[in-house]
Each structure stands twice: as structure tokens, then as C-alpha cells.
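Structure first, commentary second.
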Amino acid sequence: MTTSQSGRVIVDIVIFGTIWGAIYTILALGFTLIFGVVRILNLAYGAMFMFASYLIYSLVAGLGLPAVPSWLLAVGATALVGVALYVAFIYPLRDTLGRVLIVTAGIAIFLQEVAVLLYSTEPRFVPTVLPGGLSILGARVTHQQLLTLAVAVVLVVMLHALLTRTRFGRELRAVAQDTEMAALMGIPVERTYMTAMALSTALAAAAGALVAPFLTVSPEMGWSPLLVAFTIVVLGGLGSLWGTIAAAFIVAYAEMLTAFLISPQLRDAATFVIMVLTLVFRPHGLFGKGIVE
Amino acid sequence: MLPSRYVVLAAGIAGLALLPLWVTNPYYLSVLTLAALYAIFSSTWDILSGYIGQLNFGHAVFFGSGAYATGFLGPHLPPVLVFAAGAIAAAVFAVLVGLPCLKLRGPYLSLTTLVFPLILERLAFTFRGVTGGEYGITVASPLSPIGLYYASLALLALTLAVLLRVANSRIGRTFKAIGDDDQAALAAGVNTTRFKLGAFVLGAALAGLGGVLYAYHLRHVGPEIFGLFTSFSIVIMGIVGGMGTIIGPALGAYFLTLLGESLREVETFRILIYSSVMIICVMLFPHGLLGLGASLHHLVLGLRLAREPR
């Protein structure tokens, strides 16, 4: 490898790591909401990401709708599906964590096969909103990717404001901290759970909408985001925005390093290794605010 | 527990052994072989997941490593040594997966076990020089289809006998105690580490032997054996049959394999059936097929109570 080539690879790793870090932040924040507030592990989280991606594919490529309304429609519809799943399957089992885990895994597998029936296993492509691209230090970056980065940053800022500056955000954090005390203070806990579920699936859908144009849409696409989100939450801890952001970027850069330097096929294996190593050696996460008792 | 369990078990295995007298169609015979193999995988899964109560989402690591051992060593070693290698490979992976899992509980253990087969799947795809990549390795079977059926049935009988013996002994009661409250078990002087690792290794080694037969049966081993659905289908069979009973998961394996094959047109339908049956079970019959009677009783009782005027 010549110097200029290896320089190019480093620039690639930095740029793509940054873009994926932003997307992973959104994915992990959505996952934390349901994990930290409702205290359940929703294994159908990735299926919501997949569902939104196919919805956008159908709306944009099938019906020919413009991109932005399709995104909003897909995010809204996915949030509704999330709430419906919560009411029908998660709520009745909520006291037994193991059964929630199993039933959400079942839902994820079921939805994946529904996607296979409707769209076959053949990967689909969502047309980009912004064609063209530019070159940053020799690495080609599409406008779509820059748009994704910008939207991701805006979403994170908005979510942070929602959680810290509004009444709803205070209620949500109160429920996360002490459910019984929050209920005694008159906070409608069950409604907060449902809103958290809606917001969580909406974020999974938003991440799906953002990456669909530069990823192929396929039925099994939901599993990596689920495991990535779980890894980030384990690494960054619950309830810390900065911890989540830091962990999201660590995972994203580790994936890009593996993909560019070893093999693209081992990309998510890097995440899996980080997950196992963190659970074994730093069960309280990098910043001490861990989730594993 | 009652010795009658062993009598029922022996009668069941004898019945299955007589089946080839009527089932002469090679396709049905191969389905029955597959059902016996899945019964081995799900009952070995049950010792850790049902008895210690730690849901293992990655059982495929164990029978998959047995199957890959067959792919690598089959052409070079006599079958007896291949079986030994399959069991040893699975036991080695049981220690590799078991050690990090010792400190973990609940969903953390489940997701950790889930990613191990996925790591192996990615490695099998990547290092194609050794593993044949997505094409996998072709395996020559030393047994005829009927021989394979009886070998699978014999291994199933051995597996169920060993597991029931262990489950109904002091060790099995200790497993249950760890599952109920591992801190209390530790305080009572139980070496929980040794018992947990033991459950991993015992279940894995038997599953590894099954993996060898699985590779012979498919005449092939490829990365899809480590795929998500392979592991999940074992979990589904165990839950549908009834966790923590050894026999239940084996029944679940037969029930779902035969149901899946009888309705099968496309692989997709099989997976849809599996996942919906499991969702229904988890929602309505948490004790599976074996606990069906009790669950139905509860359900009817609940409906009657709900209807009663207040």
C-alpha cells in the first residue's frame, strides 16, 4: 500500500465512521428509551427499523411519493405499529422479562418473514434524495450521506431538548428513575410507557429512513442495528447522553476499522466482540453508569 | 422423579424405532431423522435454559461446531474419532461461551449467547480457504439413510436418558436452585460456577455428537448452521414443548418439525408457523405442550371468573 492510498483509507474510516456514529447515536437513544424507561429489552426494535425501510421503499419507489413526506409517513406509521405491539404483546407480559424477550424475538422473526413474502429476499434500493457528491481529502462522500449526518445531529439535539426542557421529558425521566414514586406524584405511568415506546420506535424508523438510501433494504437488515444498539447501551450506560454518543462513535469507528483494514464481512463481528468484552470486563460500562447488576 | 417417566420414554423410543416398518418413503424417513436430531438439540438446550433458567439464544454454536468438525475431519478420520472430535469441539466452545456468561444473567446472557454463532458465521464466510465460504464443505456419510435414522434415534435415547438422570439427581435440583436464586445457592455453599459451566459442557457435548449426525444427514455443512434462525428454532421448540422438563423440548421438536414439513411449500412458511406458534405459546401457554392441560384449565377458569357478575 502506498502512502497516498493508506492516507485515503484513513480519511475513509474517519468520514464513514462519523456518519455511522451519528446514525448509531439515534438508534441507541431510541433503544435506551424503551430499555431505561419501560425496563424491557425489545428484540423487535431492529424489525421496526426494517419495517420503516420497506415502507419508505414502497412509498418512494412503488407509489412515487416525494422523499420527505414518505419519511414522515413511515416514521409515524412505525411509531403506531410500535404502540400496537406494546399494547397487544408486551403489556400483558411486562412483569416477566424473559417472556418479553422471547415474544419480541418471535415478533421480529415473524415480521422478517412477512417481508420475505411481500418483497422476496432480493435486496431493494431506495432512490437517493440528493444526487451527487463531493470529494473530501480524496474520499468520495455523497450529498445524501452529508444530509443524513445533518438530520441525525438535528434529531439528537431535538431529543435532548425534549428530555430536558419539557414537562413530558421530566415525567419520562421521573418514571425511569423511580416508577412507584413517579406514580405517587400523579404521573400517568402507563401513558408514559406508551409514549416512550412510540418515541423509541419512531427513532428506529428515523434511523431506517436515514440509511435506506445508501444501504440495500433486505428482510434480515434489522438484526445488526438491534445488536449495535444493545452494544452501545452496554458500553455507554443508561441515561447519559454523552455516554451514548461516545459509545456510538467507538462502535462505529471500530466497525469501519475492521471493514476497511480486515474484511467488510467482519464489520458487525467487531461490534459483537465489543459487546462480549464489555459485558465481561466492564459490566458497568465505560463511564460507570452501567446497567448490569 | 417417578420411574414411569423412563417407561414412557422407552415406549416412545421403541415406537419410533418401529416406524420405518411402515414409513418406507425416503423423504418421510429423512424428516423423522431430522426430528430426532432437533429433539437432541432442544433437549440439550433445556438443561441450561430450562433448568438453570438462562435462556441460551446461541445453541447452534455447539451442534454447529460438531458439524464443522465433521466437515474438517470426516475425510481423514474413522467415524468413531469424528464423533469424539465433534463432542470435544462443542465442549471447547461451551467453555469459551460459558466463561464470559458466568457473570451474566437474564437478557445479557441471552444476547451474549446470541452473538457467538453470529461471530462464527461471519468467520466462516470470511475465511473461505478453510471453510469453503458460503458453499461450505461437502460431507460423505458413512451410514445409509436408515442407518442414520437409527443412529439418531439411539443418540436421542442416550441423550434423554443421561439428561433425565442428571435432572432428577442432586445435580438437577442444584440447577433448579441456581435458576431460582443463584445468590441464595451460592450462600448455601453451592459452587455455582462449576455447576453452570457443567451445564454448558454437558449440553454442548451431547449436542456436538448430534451435530456430527446432522452433518452426515445433510451431507453438507455451511455457515447457515450458525444463522440466527437455526438457534432461534431450537429456542422455539423448547418453549413450545415446555421448558425445564427435558422431554417437553424433545416433543416440541417433533411437533414443530412434523408440522413444519407437512405444511411446507417454502422455507418462509415454516418460519412463519414456528414464530406464530411460539408467540401463541408464550402469550397463552407458558408451560408449553407438556403443561397444556394446566394452562387450559387456568385459561377457562380465568374466563369464567371474568364472566361472573360482580
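The values are calculated or read from the model by the stated rules, or taken from the named source; none is laboratory data. Bear in mind the structure is a predicted one, so any value in this text is a computation, not a measurement. Counting neighbours? That spans all protein chains shown, and the Cβs are built from the backbone with ideal geometry, glycine included.
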Select, from A:Leu117, A:Leu27, the only residue that is more than 14 Å from every other protein chain (Cβ to nearest Cβ), of a type in the set (A, V, I, L, M) and part of a helix (DSSP H, G or I). A:Leu27
Run down A:Val276, A:Val280, A:Val251, A:Val228 and say which single residue is without any contact (Cβ under 8 Å) to a residue 12 or more places away in the chain, within 14 Å of another protein chain (Cβ to nearest Cβ) and surrounded by 20 or more Cβ atoms within 10 Å (Cβ to Cβ). A:Val276
Restrict the check to region A:45-52 and report whether at least one residue is away from chain B (no Cβ under 14 Å), touching a residue at least 12 places away in the same chain (Cβ under 8 Å) and more than 22 Å from A:Ser218 (Cα to Cα). no
What helices (runs of 4 or more DSSP H) completely inside region B:54-147 contain at least 2 residues that are within 10 Å of another protein chain (Cβ to nearest Cβ)? B:79-101, B:106-126
Out of B:Gly58, B:Gly74, I need the residue that is buried (at least 20 other Cβ atoms within 10 Å of the Cβ), at pLDDT below 95 and farther than 28 Å from B:Gly248 by Cβ. Which one? B:Gly74
With respect to A:Ala88, is the statement that it is within 14 Å of chain B (Cβ to nearest Cβ) and at pLDDT 90 or above true? yes
Do we have any residue at all in region B:216-230 that's away from chain A (no Cβ under 14 Å), in a loop (DSSP other than H, G, I, E, B) and either more than 14 Å from the chain's Cα centre (by Cα) or buried (at least 24 other Cβ atoms within 10 Å of the Cβ) (or both)? yes
Region A:173-215, residues that are over 21 Å from A:Ala44 (Cβ atoms), in contact with a strand residue (DSSP E or B) (Cβ under 9 Å, 6 or more places away or on another chain) and either at pLDDT 90 or above or not aromatic (Phe, Trp, Tyr) (or both): A:Pro213
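Okay, residues lined up against (1) closer than 30 Å to A:Ile13 by Cα; (2) at pLDDT 90 or above; (3) surrounded by 18 or more Cβ atoms within 10 Å (Cβ to Cβ):
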residue	(1), (2), (3)
A:Arg99	no, no, yes
A:Ile102	no, yes, yes
A:Leu130	yes, no, no
A:Leu134	yes, no, no
A:Gln145	yes, no, yes
A:Thr164	no, no, no
A:Glu171	no, no, yes
Filter region A:51-69 for residues that are of a type in the set (Ser, Thr, Tyr) and either at positive phi or surrounded by fewer than 23 Cβ atoms within 10 Å (Cβ to Cβ) (or both) and give the result. A:Tyr57, A:Ser58
Which residue out of B:Ile236, B:Ile273, B:Ile247 is among the aliphatic types (A, V, I, L, M), surrounded by fewer than 24 Cβ atoms within 10 Å (Cβ to Cβ) and within 14 Å of chain A (Cβ to nearest Cβ)? B:Ile273
